[in-house]
Amino acid sequence: MSQDYRVFASARRRCYALLFDHRTRSGRRMETFWIVISLLSVVSLFIESSASDLFPNSPKILLQLGLMEVVFTAVFTVEYLLRLISSPRKIRYPLSFFGIVDLCTVLPMYIIWLMPSLTLSANLMVLVRLLRVLRVLRVLKLLRYMSDAGILWRSMMRARRKLGIFFGFVAIILCLFGGLMFAVEGGKDGFTSLGTSVYWAVVTLTTVGYGDITPHTALGRMLASVLILLGYSIIAVPTGILTAYMSQELEKGRAARSCQICLHSGHEIDAKFCAHCGAVLEADTSQPVEK
């Protein structure tokens, strides 16, 4: 093995520890750095969207915010490339959820640079706005550094079949009540199509009730009352499913942490000392570091 390759392999392992392994001191410092950068970039985006109202007497504020956006894009581009290089599985990271988020956060600026004509055509302003909105996805980068978000994600993955069955049942109810309301109201008072009637059923079942479309017949109001009561009765079903699976995930995390001195288990995931003998607990290494 040549000297150059050994240096490259050592630098790659170091880069992996900084970007993926947050259990070390240097990894936690790098984690704090990316959290701060992500927050600043999101704040900058929100300020940029209303800069003319917040700073009416500062004509150069948009230029300054644009330069900040260039810096953030460069930083996140370097991060994405380093993650590609240091990841032991070259295909897994680009196709993962966070890999796609990282790519979407840097692409909009490059698309605007490569195709500046997008900003000149009035018909393409919607596309430009969409690219700007994609940059707000940087807030999702914060999920990478929230360890508890993994519990929620694993719970959702385990409950996906039950949740899918539940939402399928809800979709059937919405189509049924939307069709009934369309027939009862006779296509009047806003119920002009099945799509509009299903929209009314959605806002009614979720107890939002915008009031833009309301039934005017006695039978229609009876159907609306039944749908509202049905919404109150089933709104807690997905919450209960997720709560049950999250409780299982938390219990698994507690069972995995045991004291090396007294062998007492059942500690909280973020506990530092044993609740039985007071000994220092080892850091939790049960979760994978590659995200």
Of the residues in segment 51-101, those that are aromatic (Phe, Trp, Tyr) and over 19 Å from Leu137 (Cβ atoms) number 1
Determine, yes or no, whether Arg92 is surrounded by fewer than 17 Cβ atoms within 10 Å (Cβ to Cβ), among the charged types (D, E, K, R) and at pLDDT 80 or above. yes
If a residue has to be within 15 Å of Leu18 (Cα to Cα), open to solvent by 70 Å² or more (accessible area, probe 1.4 Å) and not in a helix (DSSP H, G or I) to count, how many in segment 75-89 make the cut? 1
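Restricting the search to segment 171-204, which residues are among the β-branched types (Val, Ile, Thr) and open to solvent by 20 Å² or more (accessible area, probe 1.4 Å)?
Ile172, Val184, Thr192, Thr196, Val198, Val202
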Criterion violated by Phe46 - all others in (1) under 21 Å from Pro108 (Cβ atoms); (2) in contact with an Asp or Glu (Cβ under 6 Å, 6 or more places away or on another chain); (3) of a type in the set (Phe, Trp, Tyr) satisfied: (2)
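Per-residue answers, yes or no, for (1) over 28 Å from Phe97 (Cβ atoms); (2) part of a helix (DSSP H, G or I):
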site	(1), (2)
Gly164	no, yes
Phe167	no, yes
Phe182	yes, yes
Tyr210	yes, no
Leu227	yes, yes
Tyr245	no, yes
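Per-residue answers, yes or no, for (1) under 27 Å from the mean Cα position of the chain (by Cα); (2) farther than 30 Å from Cys277 by Cα; (3) in a helix (DSSP H, G or I); (4) modelled with pLDDT of 85 or more:
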{"position": "Thr207", "(1), (2), (3), (4)": "yes, yes, no, no"}
{"position": "His216", "(1), (2), (3), (4)": "no, yes, no, yes"}
{"position": "Gly220", "(1), (2), (3), (4)": "no, yes, yes, yes"}
{"position": "Ser233", "(1), (2), (3), (4)": "no, yes, yes, no"}
{"position": "Leu242", "(1), (2), (3), (4)": "yes, yes, yes, no"}
{"position": "Gly253", "(1), (2), (3), (4)": "yes, no, yes, no"}
{"position": "Leu263", "(1), (2), (3), (4)": "no, no, no, no"}
Name the residues in segment 16-74 that are open to solvent by 40 Å² or more (accessible area, probe 1.4 Å), of a type in the set (Val, Ile, Thr) and either on the phi > 0 side of the Ramachandran plot or part of a helix (DSSP H, G or I) (or both), would you? Thr32, Ile35, Val36, Val43, Ile47, Val70, Val71
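The values are calculated or read from the model by the stated rules, or taken from the named source; none is laboratory data. A quick note: this is a predicted structure, and the numbers were derived from the prediction, not measured. Positions of Cβ are generated from backbone atoms using ideal geometry, with glycine treated the same way; all protein chains shown enter the neighbour counts. What goes into the accessible areas is simple: the full protein's heavy atoms, side chains included, and nothing from ligands, DNA or RNA. Shrake-Rupley method; radii C 1.70, N 1.55, O 1.52, S 1.80 Å.
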